[in-house]
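Engineer: Pasting in a structure now, in structure tokens, and then I'll have a few things to ask.
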Amino acid sequence: MPMGKLVERLLQLVPVLLGVSVIVFLMMALTPGDPVEIMIGDQNVTAQEESLLRQDLGLDLPLHERFATFLGNAVTGNFGLSFYHRRPVMDVIAERLPATVELSLVALLLALVTAIPLGVLAAVRKNTILDRLATVGSLLGVSLPGFWFGILLLMLFAVHLHVLPVSGRIGFSSEVQPITHFLLIDTLIQGRFDAFLDALSHVVLPAITLGLPMTAILMRVTRTSMLEVMRSDYVVFAEAKGLSRHRILFRHALKNALIPTVSVAAIETGSLLGGNMIVETVFGWPGLGRLVVESIFLRNYPLVQAAVLLYALTYVMLNFVADILYTTLNPRVKL
Amino acid sequence: MRFTKLLALATAMAIAAPAALTQASEIRVGFTNDADTLDPANHRKRETETILRNMYDGILTRDGDMTVVPELAESFRQISPTVYEFTLRKGVTFHDGSELTAEDVKFTLDRITVEGAMDGRTSPRKSLLGPVEDVEIVDDRTIRIHLGEPWPILPAMLPFQEVVSKAFVEKVGTDGLATQVNGTGPFRLVDWRRGDSVIMERFDGYYGGAGDIAPVGKACVDRVIFKVIPENASRVAALLAGDVDIINDLPAHSVAQVKNNPGTDVVTANGTRSFFVALNTQGDIFDDPKVRQAAMHAIDKDLIIDRILAGNAVAVEGILSPDAFGHNRELTVYEYDPELARAMLAEAGYPDGVDLQLDTEGGYKDVAEAVASLLTKAGFRTTVVVGEGSQLSSKWRTRGGEKTGDMYFTSWGNGSLDPYGIFVPTHRTNDRGNSAGYSNPALDQILDEAGVEADTERRAALYRKAEAIVNEDLPYLYLWVPQDIYGVSKRLKGWKPSPDSRINLHDACVD
């Protein structure tokens, strides 16, 4: 792909992000609910004490001034202090982000390694009982609400079978020095195989819950595109040439059939971010999703603004990556 | 196929992993929230305080009956209506081994009450210390707190604050104190895994805690862990699975499940949060006290407490909890009588009944619907409308501004159990929690007097009088004070929940 096109696409991101900042700022400011009121809670305070708090949070300024400050600081990556944590929001977010990224990646990996083989199998064994089962399974996968499915898994594997932990990211006996902040990687780097298994046992259930809808979607996409490719002339020709079925499937058909799967996977990864908010709450996963949900209820403006911008940036970047992947895999398509 | 294999593999690995490893002397608490910060002067959340209180002690604390007793202080006395004197214990050390002095106590209080005292910022807890003006060091072990005006609830409010080390704070700064702990409490910080857990271990140099609360001495267990599990169902699952020993905020509908499980039990403490329905006293219907009294007769509190709250609440006839200071025990009880309610409503000019809306938050929907159906039976045809907490709060707590709704099912907490913190905001004209829009100058005057009355008996009498007034005026349908419900493991010994929602693990042991 020409470099110029790439730069052009990147530049297009700027107005998108600017638009998102305006929307997120206004949405937070216009949502009913006063952060100071929520913070004071059930207490008897004087008007002076209240205005002192308002001033301290920077909420005494008019809206346009607050927006100008927000925008000015946001450009430099400074989103101010979290109302509740009383530390820079970027620090608070940075502490919680690795857990979310790690969970999302494991969910993505699980989805890919499950969905692709199942999709191929369903296509190859079209209209058999296996195909039907896969279809019903994927319908369920998309429809089951995450919070319900997650709790079901918890009750089965943690409460009744006692084989997996209920919540958290790693056990308390496993203290791991952070290097990359991804526990599955850090434990391996440090040769702590026991801690690795511990972390893995914690991530399994949330990752399955988070990855389930994606697995279902990817499986359907793989199945459909595989069926399409299997009907194409070059595959028929390969069959006529007498190539083995195995060779046709894996050397010729799969490669092309996976193009839509890969681009859908990249876009769907963005939707994992939304799912994170629910899954992290159910499994007590110390990630960003849960923090954002809590912050919305508390009207913790700076944190929500920064996090939503981060989400938007991630989403836009993933779409961008999807586009690039698509053109790389399928040179007939131009950006 | 491969999916199943993967699941089987994961399960097998988890069996091998020490996932539910429980050490001999460790207590784990499945807790609703993480600490916002570890700086005791820089937060506004009760949950943060609950966690910190195991590592930090205060000048005063409360015993199981909510009586205020000295903790780091040895004794205290009121010298004049605006001056209190505190004598500190000898030989109390911080976790770093340095000794507690009057300097530390003054520094702690100044940091909260002086504007800009925290590296240029003001503590969000300043308002919890009301009119504290100055802290004077009399000698190494004695301090005096000077108030700008009489404020009899100072002793009730001091347990909300924890003492920090001056030298330590000056060394690490406010930023450092957000993540490090050097307190005088029974446990010291091992690790704070943000969003996940706070891990603490026993502090062997602990002075023993409040002399009035037995047992006095070091903590019983080696380690305690506050594990953050915000989702109710997951917290219950963690208790049932044996992953944690205590869970807070056990939902009433899970009480039977936890009781029936062989290894777990349910314990309760009288709560401090009063529930009520605010009636829009500025509206066309509820401006008539007769209609408000009719509505009160329409509600069968005992039925709701029994069926929906699983018996875990105490009915009230006024705003105060039965445990609160100045609670009036002789208030009129409006017996449940839907026929009488209907007749009173007709008498007030609504023979065909009225159509009303009851606003509430999602969490209270079940109970609000029960209230609505009882009201409907008596001619107040009520529809429940669920909204988000802070949005409803903006709609109802208008401080004298115009009100649009009919009824609002809500609550107000009163951690200190002193009427000042709940009566004034909810009942004084145009105050911040007065969602009924109620205004009664005679009551305002009593509340103002009680706020500065130094004589305890006279002050209690004023609040009793105030409760009698509102019990007759009924700006609110006073409902109940629920108990705080905890799920506990049966291996836990020596721990009792506290009415102020604290989880103090100093006395707790495990088998």
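Engineer: From the set of residues in the stretch B:385-412 that are in contact with a Gly (Cβ under 7 Å, 6 or more places away or on another chain) and in a strand (DSSP E or B), which is farthest from the other protein chains (Cβ to nearest Cβ)?
Structural biologist: The extreme case among them is B:V386.
Engineer: How many residues are farther than 13 Å from A:T209 by Cβ and within 20 Å of the chain's Cα centre (by Cα) if we restrict to the stretch A:117-161?
Structural biologist: Of the residues in that region, 3 qualify.
Engineer: Can you name the condition, by its number, that B:N33 falls short on among (1) open to solvent by 10 Å² or more (accessible area, probe 1.4 Å); (2) more than 14 Å from chain A (Cβ to nearest Cβ); (3) touching a residue at least 24 places away in the same chain (Cβ under 8 Å)?
Structural biologist: Looking at each condition in turn, B:N33 falls short on (2).
Engineer: Now for a different question. Among what's in the stretch B:36-48 and is at pLDDT 95 or above and closer than 18 Å to B:T113 by Cα, pick the residue that is surrounded by the most Cβ atoms within 10 Å (Cβ to Cβ).
Structural biologist: B:D39
Engineer: In addition: Output the helices (runs of 4 or more DSSP H) that fall wholly within the stretch A:1-95 and possess 3 or more residues being away from every other protein chain (no Cβ under 14 Å) and open to solvent by 70 Å² or more (accessible area, probe 1.4 Å), or say none. Even if it seems obvious, please write down each step before you answer.
Structural biologist: On the way: elements: A:3-30, A:35-40, A:47-56, A:63-75.
Once the helices (runs of 4 or more DSSP H) in the stretch A:1-95 are filtered for at least 3 residues that are away from every other protein chain (no Cβ under 14 Å) and open to solvent by 70 Å² or more (accessible area, probe 1.4 Å), what remains is A:3-30, A:63-75.
Engineer: Next up: Would you call B:L417 touching a residue at least 40 places away in the same chain (Cβ under 8 Å), within 14 Å of chain A (Cβ to nearest Cβ) and on the phi > 0 side of the Ramachandran plot?
Structural biologist: On the way: touching a residue at least 40 places away in the same chain (Cβ under 8 Å): yes; within 14 Å of chain A (Cβ to nearest Cβ): yes; on the phi > 0 side of the Ramachandran plot: yes.
It is true that B:L417 is touching a residue at least 40 places away in the same chain (Cβ under 8 Å), within 14 Å of chain A (Cβ to nearest Cβ) and on the phi > 0 side of the Ramachandran plot.
Engineer: Now for a different question. Note down all Cβ pairs under 7 Å where the first residue falls in the stretch B:193-206 and is free of Cβ contacts under 8 Å to residues at least 60 places away in the same chain and closer than 16 Å to A:Q177 by Cα, the second is aliphatic (A, V, I, L, M) and open to solvent by 20 Å² or more (accessible area, probe 1.4 Å), and they're at least six residues apart or on different chains.
Structural biologist: B:I199/B:V190
Engineer: Something else: I'd like the full set of residues that are closer than 14 Å to A:V264 by Cα, β-branched (V, I, T) and open to solvent by 30 Å² or more (accessible area, probe 1.4 Å), limited to the stretch A:220-236. Write out each step before concluding.
Structural biologist: In the first step, residues of the stretch A:220-236 are kept if they are closer than 14 Å to A:V264 by Cα; the result is A:220-225.
If we keep only those that are β-branched (V, I, T) too, we end up with A:221-222, A:224.
Within the stretch A:220-236, A:V221, A:T224 qualify.
Engineer: Now a separate question. Keeping to the stretch B:110-124, report how many residues are open to solvent by 40 Å² or more (accessible area, probe 1.4 Å) and on the phi > 0 side of the Ramachandran plot.
Structural biologist: Of the residues in that region, 2 qualify.
Engineer: Is it the case that B:A238 is away from chain A (no Cβ under 13 Å) and surrounded by 24 or more Cβ atoms within 10 Å (Cβ to Cβ)?
Structural biologist: Numbers: away from chain A (no Cβ under 13 Å): no; surrounded by 24 or more Cβ atoms within 10 Å (Cβ to Cβ): yes.
When the stated conditions are applied, B:A238 does not pass them.
Engineer: From B:V291, B:V277, which residue is open to solvent by less than 50 Å² (accessible area, probe 1.4 Å), of a type in the set (V, I, T), under 22 Å from the mean Cα position of the chain (by Cα) and closer than 22 Å to B:D355 by Cβ? Show your work before the answer.
Structural biologist: Values: B:V291 fails: under 22 Å from the mean Cα position of the chain (by Cα).
After ruling out the rest, the residue left standing is B:V277.
Engineer: So if I check each of A:T209, A:T215, A:T180, which one is exposed (fewer than 15 other Cβ atoms within 10 Å of the Cβ), touching a residue at least 24 places away in the same chain (Cβ under 8 Å) and of a type in the set (S, T, N, Q)? It would help to see each step written out before you state the result.
Structural biologist: Numbers: A:T209 fails: exposed (fewer than 15 other Cβ atoms within 10 Å of the Cβ); A:T215 fails: exposed (fewer than 15 other Cβ atoms within 10 Å of the Cβ).
Answer to the selection: A:T180.
Engineer: Are there helices (runs of 4 or more DSSP H) fully within the stretch A:127-195 with at least 3 residues that are aromatic (F, W, Y) and within 11 Å of another protein chain (Cβ to nearest Cβ)? List them.
Structural biologist: none
Engineer: Every residue in the stretch B:167-176 that is open to solvent by less than 20 Å² (accessible area, probe 1.4 Å) and more than 14 Å from chain A (Cβ to nearest Cβ), please.
Structural biologist: Hit for the stretch B:167-176 is B:V169, nothing else.
Engineer: Look at A:V106 and say whether it is within 12 Å of chain B (Cβ to nearest Cβ), open to solvent by less than 40 Å² (accessible area, probe 1.4 Å), more than 22 Å from the chain's Cα centre (by Cα) and farther than 21 Å from A:L303 by Cα. It would help to see each step written out before you state the result.
Structural biologist: Details: within 12 Å of chain B (Cβ to nearest Cβ): yes; open to solvent by less than 40 Å² (accessible area, probe 1.4 Å): yes; more than 22 Å from the chain's Cα centre (by Cα): no; farther than 21 Å from A:L303 by Cα: yes.
Answer is no for this residue.
A quick yes/no check of all residues on (1) open to solvent by 50 Å² or more (accessible area, probe 1.4 Å); (2) touching a Leu at 6+ places or on another chain (Cβ under 6 Å); (3) within 16 Å of A:N44 (Cα to Cα):
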| residue | (1), (2), (3) |
| --- | --- |
| B:K126 | no, no, yes |
| B:P131 | no, yes, yes |
| B:V138 | yes, no, no |
| B:R141 | yes, yes, no |
| B:G148 | no, no, no |
| B:P152 | no, no, yes |
| B:L158 | no, yes, yes |
| B:S165 | no, no, no |
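Engineer: Could you list, in sequence order, the residues of the stretch A:282-312 that are within 12 Å of chain B (Cβ to nearest Cβ), within 15 Å of the chain's Cα centre (by Cα) and of a type outside the set (G, A, S)?
Structural biologist: Those that are within 12 Å of chain B (Cβ to nearest Cβ), within 15 Å of the chain's Cα centre (by Cα) and of a type outside the set (G, A, S): A:W285, A:P286, A:L288, A:R290, A:L291, A:V292, A:V293.
Engineer: Further, regarding this structure: Is there any pair with a first residue in the stretch B:451-474 that is hydroxyl-bearing (S, T, Y) and a second that is in a loop (DSSP other than H, G, I, E, B) whose Cβ atoms are under 7 Å apart and which are 6 or more apart or on different chains, and what are they?
Structural biologist: Close Cβ pairs (under 7 Å, with a partner that is in a loop (DSSP other than H, G, I, E, B)) amount to B:Y463/B:G326; B:Y463/B:P419.
Engineer: When only residues in the stretch A:69-99 that are β-branched (V, I, T) and out of contact with any Phe, Trp or Tyr (no Cβ under 8 Å at 6 or more places or on another chain) count, which is nearest to A:G211 (Cα to Cα)? Let's see the steps before the verdict.
Structural biologist: Our first condition is that a residue be β-branched (V, I, T); within the stretch A:69-99, this holds for A:69, A:75-76, A:89, A:92-93.
Remaining after also requiring out of contact with any Phe, Trp or Tyr (no Cβ under 8 Å at 6 or more places or on another chain): A:69, A:75-76, A:92-93.
Working: A:T69: 39, A:V75: 33, A:T76: 34, A:V92: 26, A:I93: 23 Å.
It comes out as A:I93.
The values are calculated or read from the model by the stated rules, or taken from the named source; none is laboratory data. These figures come from a predicted structure and were not determined experimentally. Backbone-built Cβ (ideal geometry, glycine too); neighbour counts: all protein chains shown. Please note that ligands, DNA and RNA were not included when accessible areas were found on the heavy atoms of the full protein model with its side chains. Shrake-Rupley method; radii C 1.70, N 1.55, O 1.52, S 1.80 Å.
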